[in-house]
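Engineer: Here it is, the structure in full.
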Amino acid sequence: MESITNKVEGSILPDTKKVGSSNKNIERNHRILIIDDNEAIHNDFRAILESKDENAIDLGEEKNAIFGNQQIKEKLSNFEITSAFQGKEGLLKIQQALQEGHPYAMAFIDMRMPPGWDGLETIQKIWEEYPDLQVVICTAYSDYSWHEIVKKLGETEKLLILKKPFDNIEVYQLASALTEKWYLTQKARSKQEELEQIVKQRTELLEETNRQLTIALEEAEEADRAKSEFLANMSHEIRTPMSSVIGFSDVLAEEDLTENQKKYVELIRQSGKNLMQIINDILDFSKIKAGKFEIKMIECDLDQILSEVESIMGLDARNKGLEFKIIQKEKLPSQIYTDPTRLRQCFINLIGNSLKFTEKGHIYLIASLEYDNDNKPYIRFDVEDTGIGIKSENMESIFESFSQVDHGASRKYGGTGLGLAITKQLSNLLGGTISLTSQLGKGSVFTLTIPVGMDIKPKSSSAKYDTSKNSTINSDNQNNTKLSGSVLIAEDCPSNQLLVKIILQKMGVDVTIANDGLEAVRKAQSQSFDLILMDMQMPEMNGYEATKILREKNITTPIIACTASATEGACKKCLDVGCTDYISKPIKRDELYKTISKYLPLIVSSV
Ligand code: ADP
């Protein structure tokens, strides 16, 4: 028996599966196995089920009532009967049929078959190997109660009980119904397997696609990180020497030069500035795209911001022969809650464009206080120019990145097409909006709105700029204000050393140089200075260590950290080690002046 079971598991079951395999065309199956120890019973079954002549079946009176006269011929199936006389033999026949790929659909099994297995035992063994077989158990007596049958075989819909003596029609009906049931079960299973197969294939496909997408996403993120890093490094690497170029040309421009030399120096200075602007735009744009743009909202002085804009842009505008005014139409609040650096950047971008695209006439920056629908105050800034104007069909698209109205024109005027995209992003980050009206050939007005962001504090009457009438803002006259005192510059780069030294000397300051942190510590201990300008990235000993040591040695001289990245975190790091203030590298003359003048005595000249 054991060898049979093994054989069954090894080779017959796959055949069983084959019956229901998804690709197999399931056909109707009329194979019936009779397992009974009484030969006469076999003959009875054959007589009922094998006959092709309906009259041979004694359907009696019920014939018409059940089948109806007309359909009986079509209804009679041609069953194929196999006989087995003991349970074991029945099992063997079933195994054989499975192996041959022609399984039985159903079996009539006698309950009592001495000396071998009885009906229940036979069914048990058969279902262990071929659970699909539909079974009718034939019993003359109540050998087992229904309860006992269920206990042995489990509750199943595959088993029916036929009491002896048989009713011919009942036998025929059972054969028809159960072979059909076998067929439908196989078909349903085949369909289900087919669906499962499809689902499996789709799932595999989706998993594979997902896997590839994850890999692609990781690669893209890595490439994006590498790109941002590359951009940040490159722009730093380019900005550093460019600031030397600009710085020295500034210094050179103040020397006694011939007219031609002045022209050449101015060209170098202007080209350097343009290149710097492009690099800054690209860096800002990539930072905004990566969501790494830092916005630092603080309470700030609006006059101060406008005054800085005037000093940065006013001179260039007037040099071009344009009238330039900053007009305050309403009583503006003295303080607003915003990021002054970014707001200034918006103005510089907008006014820079006006400068580029205006040949004659004026550029005005007009500021007014307005209220939105919720009665919240905001400042409206109109940058108005009398330049070439913009066609209405281009007004939307110019706020998109790398968008320029006309390539011919942009070649003439230069630019990257990033300025307005950055300005739009910045105004959104500040909680505001930007819009445009323009007339071709007449000029443009770019309107920027920024929330006041806090309770309005009225300006004191001593405010620098009287807002009761239209007023213009003048630039600082810092050139007339000299400084005095001694400054130690700790800086390893020779060109930076020289540039800062010249700028400081021009401001009236005595300068001493230290080439690294160690030398700075030594010099600051042996000599007293009014101020130390400390580069934070230096070989041998960096600025952080040098500052720490100086503070540990109770040197209280103000130390201004010069740091390449002026992010909040980087600045805090400088203050944490004991620096007094910070300034971002590359060093700009105005910024340097503004910062060091807080710590050095001023000498106001009487010019
Ligand atoms: P770009 O660096 O090319 O100036 P922007 O994004 O700042 O990039 O501007 C996009 C385009 O919008 C410009 O190339 C120009 O065609 C148009 N534009 C911007 N400002 C003005 C203006 N004030 N007058 C006329 N055209 C302008």
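The values are calculated or read from the model by the stated rules, or taken from the named source; none is laboratory data. Since the structure is predicted, the reported quantities are computational estimates derived from the model, not experimental observations. Because the Cβ atoms are built from the backbone with ideal geometry, glycine has one as well, and the counts that use them run over all protein chains shown. Accessible surface is based on the protein model in full, side chains and every heavy atom, while ligands, DNA and RNA are left aside. Shrake-Rupley method; radii C 1.70, N 1.55, O 1.52, S 1.80 Å.
Engineer: If a paramagnetic tag sat 7 Å from the Cα of ASP301 along the Cα-Cβ line, which residues of the stretch 307-333 would have the backbone N under 15 Å from that point?
Structural biologist: 307-311, 333
Engineer: Output wanted: per-residue J couplings in Hz (rounded whole) for the stretch 212-225, from phi through Karplus 6.51 cos²θ - 1.76 cosθ + 1.60, θ = phi - 60°, x for Gly and Pro.
Structural biologist: 5, 5, 4, 4, 4, 5, 4, 5, 5, 5, 5, 5, 5, 4
Engineer: Give, to the nearest whole percent, the P(r) tail of the stretch 481-604 beyond 22 angstrom, counting all Cα pairs.
Structural biologist: When every Cα pair of the stretch 481-604 is considered, 25 percent fall beyond 22 Å.
Engineer: If I take R0 = 30 Å and measure r between the Cβ atoms of LYS263 and GLN505 in this structure, what FRET efficiency does the formula 1/(1 + (r/R0)^6) give, to the nearest 0.05?
Structural biologist: Using R0 = 30 Å, I get an efficiency of 0.70.
Engineer: Kirkwood Rh and Cα-based Rg: tell me the resulting Rg over Rh for the stretch 111-158, rounded to two decimals.
Structural biologist: 0.93
Engineer: With θ set to phi - 60° and the Karplus curve 6.51 cos²θ - 1.76 cosθ + 1.60, what are the ³J(HN,Hα) couplings of the stretch 265-270 in order, to the nearest whole Hz, using x for Gly and Pro?
Structural biologist: My calculation for the stretch 265-270 gives 4, 4, 5, 4, 4, 5 Hz in order.
Engineer: Might you tell me the accessible area per residue for the stretch 189-270, computed with a 1.4 Å probe and given in Å²?
Structural biologist: It amounts to 77 Å² per residue over the stretch 189-270.
Engineer: Give LYS331/LYS482; LYS158/LYS187; LYS501/LYS523; LYS287/LYS320; LYS376/LYS442; LYS292/LYS376 a once-over and call out the pairs whose C-alpha atoms are over 27 Å from each other.
Structural biologist: As for pairs spanning more than 27 Å Cα to Cα, those are LYS331/LYS482; LYS287/LYS320; LYS376/LYS442; LYS292/LYS376.
Engineer: To continue, here is another question. Could you grab the relative contact order for the stretch 481-604? Cα pairs under 8 Å, six or more apart, rounded to a whole percent.
Structural biologist: 27
Engineer: Just order 199-208, 131-140 by mean Cβ neighbour count inside 10 Å, highest at the front, would you?
Structural biologist: The densest-packed peptide leads the list: 131-140, 199-208.
Engineer: Here's something else I'd like to know. What residues have an amide H closer than 5 Å to that of GLN328, excluding those fewer than 5 places away on the same chain, when H is modeled at 1.01 Å from N in the peptide plane?
Structural biologist: Answer set, sorted by chain and number: ALA367, SER471.
Engineer: So, one more: Considering amide H positions built from the backbone, and no H for Pro or chain starts, which residues 5 or more places from ASP118, or on another chain, come under 5 Å of its amide H?
Structural biologist: Here nothing satisfies the definition.
Engineer: Just the number, please: carbon plus sulfur as a percent of the accessible area of the stretch 92-184, 1.4 Å probe, no ligands or DNA/RNA counted.
Structural biologist: Accessible surface attributable to carbon and sulfur in the stretch 92-184 totals 53 percent.
Engineer: Now for a different question. Within the stretch 538-604, how many Lys pairs sit with Cα atoms under 18 Å apart, leaving out pairs fewer than 8 places apart on the same chain?
Structural biologist: The number of close lysine pairs in the stretch 538-604 is 6.
Engineer: Further, regarding this structure: Testing the spin-label approximation: label points 7 Å from Cα along Cα→Cβ at LEU206 and ALA564. State their distance in nm.
Structural biologist: In this crude spin-label approximation the distance works out to 4.8 nm.
Engineer: Percent of alpha carbon pairs in the stretch 176-238 separated by more than 18 Å?
Structural biologist: Result: 66 percent of Cα pairs exceed 18 Å.
Engineer: If packing is taken as the average number of other Cβ atoms within 10 Å across a peptide's residues, how do 340-351, 212-223, 502-513 rank, most packed first?
Structural biologist: 340-351, 502-513, 212-223
Engineer: Take the Cα pairs of the stretch 211-332, get the Kirkwood Rh, then feed it into Stokes-Einstein at 25 °C and 0.890 mPa s and tell me D in µm²/s.
Structural biologist: Translational diffusion coefficient: 133 µm²/s.
Engineer: Can I ask one more? In µm²/s, what is D for the stretch 307-353 at 4 °C and 1.567 mPa s, where D = kT/(6 pi eta Rh) by Stokes-Einstein and Rh is the Kirkwood radius from Cα pairs?
Structural biologist: 108
Engineer: Please report the carbon-and-sulfur percent of the accessible area for the stretch 231-381; probe 1.4 Å, protein heavy atoms only, DNA, RNA and ligands left out.
Structural biologist: About 53 percent, which is the carbon plus sulfur part of the accessible surface.
Engineer: For the stretch 419-436, what does the Karplus curve 6.51 cos²θ - 1.76 cosθ + 1.60, with θ = phi - 60°, yield as ³J(HN,Hα) per residue in whole Hz, taken in order and with x for Gly and Pro?
Structural biologist: Those phi angles translate into x, 6, 4, 5, 4, 5, 4, 4, 4, 5, 4, 8, x, x, 9, 9, 8, 8 Hz.
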